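First up is the structure itself, then whatever we jot down about it.
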Amino acid sequence: MLKLGIIGTHWITDQFIDATVKNGHWQLTSVYSRNLQRARDYGEPKHATEFFDDLDNFFNDGSFDVVYIASPNVLHYQQVRLAIENDKHVIIEKPAFTNPDEFSQIEALLQAHPTVRLIEAARHVHTPLFAAVKDQLNEMNTVQGATFTFMKYSSRYDQVLAGETPNVFSPEFAGGALQDLGVYPIYAAAALFGEPDTVVYFPTMIDTGADGKGGAVLKYPDFEVTLNFGKIANSHMPSEIYGLKDTLVMDNIADMTEATYFDENQKAHKLDAVVPDNSMSPEVDEFTKVLEQPNDLNNLKSYETWFKLSRLVNSLTYSLRESAGIKFPNEQ
Ligand SMILES: NC(=O)c1ccc[n+]([C@@H]2O[C@H](COP(=O)([O-])OP(=O)(O)OC[C@H]3O[C@@H](n4cnc5c(N)ncnc54)[C@H](OP(=O)(O)O)[C@@H]3O)[C@@H](O)[C@H]2O)c1
């Protein structure tokens with residue numbers, strides 16, 4: 001059994017824990033919250049036994065093997081650092097870190113703690129349907145680009161309109177559309193097409209000083225990938241990969257439930273893959289294997305692939321942010 005500690009007591013942590021319960025190889029032992037009573041109220045119904053409101057004590061005294069961190073983005077770096085220093089495996093919510101400098105410092109720390117695994121929770125690139133899309137893409141003779149869209153109105157934008165600054169729209173917390181929903185299409189593009197030559201982001205800025213939505217272009221040697229993402233409007237557009245006469249259409253790049261290949265005669269072929277009830281189950285199932293048997297050669301290969309992808313996404317996200325002149329106060 002993998003013993004689990006958690007940071008973050010919001011709905012995404014519920015969903016992650018549910019995926020670990022469904023997986024069956026996990027036991028939630030330890031909960032950190034800024035408020036001890038909240039840690040108890042959150043963890044006791046889920047059978048956790050250790051509760052902390054001090055981060056150092058959580059990492060020093062907690063009996064867990066793996067920590068799942070779902071805190072505001074700006075806190076990820078320090079919390080991951082502490083975890084690695086205490087030889088805990090880490091599953092960090094996206095975006096793992098806010099700039100390449102943080103990423104390389106963590107990479108150096110990992111070299112000093114070679115048994116520790118650090119995995120970014122990019123749930124959508126671990127699903128069977130995403131794997132089926134990748135296989136179909138490999139079968140396409142010509143690729144002439146793609147358009148990926150992920151835009152959902154956030155209920156927290158109501159707070160912005162009421163004059164507040166929730167974390168996810170706060171530059172102080174490394175929030176904004178690019179850092180939040182933008183990471184999903186960036187991840188998909190990096191996983192499917194690799195590293196582009198150049199990138200540019202055109203954001204729509206909102207009153208908090210964060211980007212609320214925007215469009216980005218990733219320029220590859222032979223084609224371009226257009227990304228359309230945001231948190232202040234709703235889009236019902238699917239995502240597409242363009243062949244010559246053929247096209248691959250996905251209903252949603254981040255929450256894919258259906259993908260269809262239209263062949264050169266425009267005949268539709270629905271890709272066949274299981275869509276789980278809990279969209280975090282596929283990643284949890286894959287992470288479990290790697291964390292249970294980290295030295296197995298296949299697991300090591302998976303881990304290295306995920307880590308490289310995570311580094312690339314970190315660098316692309318930062319370059320996109322730089323291209324739009326968006327700075328975070330903690331970096332100045
Ligand atoms: N994979 C996905 O589908 C998905 C979905 C949503 C979010 N996420 C990611 O998960 C992370 C958390 O997102 P979220 O929307 O849940 O964030 P959030 O609600 O702002 O905060 C998450 C948790 O962090 C703690 N927290 C909140 N404000 C804090 C502050 N000012 N200082 C210290 N701790 C604070 C709270 O726990 P306590 O009050 O118990 O301390 C809270 O439960 C982000 O990185 C986000 O990108 C991923």
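The values are calculated or read from the model by the stated rules, or taken from the named source; none is laboratory data. All of these numbers come straight from a predicted model, not from anything done at the bench. Glycine gets a Cβ as well: all are built from the backbone with ideal geometry, and neighbour counts include every protein chain shown. These area figures cover heavy atoms from the full protein model, side chains too; ligands, DNA and RNA do not enter into them. Shrake-Rupley method; radii C 1.70, N 1.55, O 1.52, S 1.80 Å.
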Handout entry: Scope the stretch 177-198; condition more than 11 Å from the ligand (Cβ to nearest atom) and surrounded by 23 or more Cβ atoms within 10 Å (Cβ to Cβ); matching residues
Key = Ala177, Leu178, Pro185, Ile186, Ala188, Ala189, Ala190
Practice task
Inspect the stretch 117-136 for any residue being in contact with a strand residue (DSSP E or B) (Cβ under 8 Å, 6 or more places away or on another chain), farther than 21 Å from Lys308 by Cα and within 16 Å of the ligand (Cβ to nearest atom) and give the result as yes or no.
Solution key: yes
Practice task
Would you be able to tell me the number of residues in the stretch 126-145 that are open to solvent by 30 Å² or more (accessible area, probe 1.4 Å) and either without any contact (Cβ under 8 Å) to a residue 40 or more places away in the chain or in a helix (DSSP H, G or I) (or both)?
Solution key: 7
Exercise for the section: Show the residue pairs that are 6+ apart or on different chains and have beta-carbon atoms under 9 Å apart, the first residue being within the stretch 159-175 and outside the structural domain of Gly212 (by TED's automatic domain parsing) and under 21 Å from Ala324 (Cα atoms), the second being within 10 Å of the ligand (Cβ to nearest atom) and open to solvent by less than 30 Å² (accessible area, probe 1.4 Å). Expected result: none
Practice task
Assess whether Asp211 counts as being within 16 Å of the ligand (Cβ to nearest atom), over 14 Å from Thr149 (Cα atoms) and either at pLDDT below 95 or buried (at least 22 other Cβ atoms within 10 Å of the Cβ) (or both).
Solution key: yes
Exercise for the section: Scan the stretch 36-86 for residues that are in contact with a strand residue (DSSP E or B) (Cβ under 7 Å, 6 or more places away or on another chain) and among the basic types (Lys, Arg) and jot them down. Expected result: Arg40, Lys46
Handout entry: Pro203 being within 21 Å of Met140 (Cβ to Cβ) and either surrounded by fewer than 22 Cβ atoms within 10 Å (Cβ to Cβ) or not acidic (Asp, Glu) (or both)
Key = no
Problem - Residue tally, condition surrounded by fewer than 17 Cβ atoms within 10 Å (Cβ to Cβ) and in contact (Cβ under 8 Å) with a residue 12 or more places away in the chain, over the stretch 287-301 - result: 3
Exercise for the section: Kindly provide the set of residues from the stretch 75-85 that are surrounded by fewer than 21 Cβ atoms within 10 Å (Cβ to Cβ) and within 9 Å of the ligand (Cβ to nearest atom), ordered by number. Expected result: Leu75
Practice task
Spot the failing condition for Pro221; the list is (1) crowded, with 20+ Cβ neighbours inside 10 Å; (2) within 30 Å of Glu139 (Cβ to Cβ); (3) not polar (S, T, N, Q), and only one is missed.
Solution key: (1)
